Amino acid sequence: MELVILKDDKEIAKKVGDIIIDLVKTNKAAVLGLATGSSPESTYQYVIEKTAAEKIDWKEVVTFNLDEYIGLSETDEQSYCYYMNKKLFENININIKNTFVPSGLVKNDLEAQKYDEEIKKHGGIDLQILGIGTNGHIGFNEPKTSFDSLTRIVDLTPSTIAANARFFDNEADVPKQAVSMGLKSIMNAKKIILIAMGATKAEAIKALIEGNQSTEWPCTVLQDHSDILVVVDEAAASLLS
Ligand code: F6R
C-alpha cells in the first residue's frame, strides 16, 4: 500500500486527476470505477478542466459507480446518478450509455448482482476511485460487511445517515438503504486510489494503514490489494504514528 500525504484538496485533485487523465490517454477504452460524495469532487473538476485544455477523448471510456440510494430514480436530484451527470459526465465527451450507476430501483439482491456481471462483461475495472466513511466504509459497505460481498442492497448505519444528511434538506430525507458494490467487487479492480480529507477521516485512515484487518473496519480489506494508493490531507493523516 502506498500512502501520499498532501496539503489540501487542490494538491489531491492534481495527484489523482493526473493519474485518471494518464490512464484515459493511454487506454482510450479504460474502465473506471467512480465514487460520489465530497472527497472526489475537486478531482472531477480538475479532470474536467484538464480534459478541456488537452482535448482528451472520453467517448470510449466506460465507468461504473460504487453505489446509489434505494428508492431514488436516476433523475432525482439527490441521486448519485444525478451527481455524476452534473459533476463529471455532462462536462466531458463521455458516451452516457457507457456510464453505469447501480439502479436505486432494484427490488432484490439477485437484480443488484447483475451489476457485477456487467463489470465482468466489460473486462473488469482498471482503476477504482474510493472515498472512505468516518466508520471505515468503502462504497456503502458498513462495518461487519463480509469481505466476500458482491453488489447488493445494504442498510445504512445511523452514523452514515447523519454524515450524509448535509446533502439533504432534512436528516429524515436520507434514504435508509442503498445498493452498493461489495467489498469483493471493489477488490477485483486492478488498481485502487482512495481519497480522504479532514480530521473526521483520521480514525478510519489509521485503521486502514496501521490497524489489524477486521470487518469492524471494512476499509481494512484493502490491505490485501496489490496496487493501492491512499491519498490524504494532513488532517486525515493526523492519527498516524
Ligand atoms: C460514495 C461512497 C462513499 C463515500 C464516503 C465518503 O459513492 O461510496 O463510500 O466515498 O461516504 O463520503 P465523502 O467523500 O462525502 O466524505
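Since every read-out is calculated from the coordinates, none of them should be taken as a lab result. What you are looking at is a predicted structure, and each value in this text was computed from that prediction instead of being measured. We place every Cβ from the backbone using ideal geometry, glycine too, and count neighbours over all the protein chains shown.
In percent, what relative contact order does the stretch 111-197 have, based on Cα pairs under 8 Å that are 6 or more apart in sequence? Once divided by the residue count of the stretch 111-197, the mean separation gives 42 percent. Of interest is the spacing of the C-alpha centroids, which for the stretch 71-92 and the stretch 5-42 amounts to 18 Å. The alpha-carbon positions of the stretch 134-180 define a convex hull whose volume is 69 Å³ per residue. Of the residues N108, G139, M1, the one whose Cα sits farthest toward the positive end of the charge dipole of the chain, with +1 on the Cβ of Lys and Arg and -1 on the Cβ of Asp and Glu, is M1. Remark: for residue pairs K7/K86; K25/K120; K59/K190; K10/K86; K28/K97; K59/K87, the C-alpha separation exceeds 25 Å in K7/K86. Each Cα pair under 8 Å and six or more residues apart adds its sequence gap; the mean of these over the residue count of the stretch 152-241 is a relative contact order of 29 percent. Here the stretch 8-77 has an Rg and Dmax of 13.3, 39 Å, counting Cα atoms alone.
Cα extents for the chain along the principal axes, largest to smallest and rounded to whole angstrom: 43, 42, 36. With unit charges on the beta carbon (Lys/Arg positive, Asp/Glu negative), name the residue among T99, A53, A207 whose Cα is farthest towards the positive pole of the charge dipole of the chain. Towards the positive end, the residue furthest out is A53. At full extension, S73 and M1 could sit 22.3 nm farther apart than now, given 0.36 nm per residue minus the alpha carbon distance.
Label-to-label distance for S238 and D8 is 1.7 nm, based on points extended 7 Å past Cα in the beta-carbon direction.
I need the calculated FRET efficiency for the pair N212 and E171, taking r as the beta carbon distance and R₀ as 22 Å, to the nearest 0.05. Don't skip to the end; give the middle numbers.
Details: r = 33 Å, r/R0 = 1.49.
Efficiency for this residue pair is about 0.10.
Expressed in units of 2.2 N^0.38 Å, where N is the residue count, the Cα radius of gyration of the stretch 155-201 is 1.44. Inter-part distance, the stretch 104-135 to the stretch 142-208, computed on C-alpha centroids, equals 13 Å. About its Cα centre, the dipole of the stretch 1-57 is roughly 140 debye, where the only charges are +1 on Lys and Arg Cβ and -1 on Asp and Glu Cβ.
How high is the relative contact order of the chain? Use alpha-carbon pairs under 8 Å, at least six apart in sequence, and give a whole percent. Don't jump to the answer; show the numbers that get you there.
Numbers: 514 pairs, mean separation 58.8, N = 241.
So the answer I get is 24 percent.
Computed over the stretch 100-241, the quotient of the alpha carbon radius of gyration and 2.2 N^0.38 Å is 1.04. Every Cα-Cα pair in the stretch 12-134 was counted, and those over 25 Å apart are 20% of them. Sorted ascending by nearby beta carbons within 10 Å, beginning with the fewest, M1, M84, M187, M197 become M1, M187, M197, M84.
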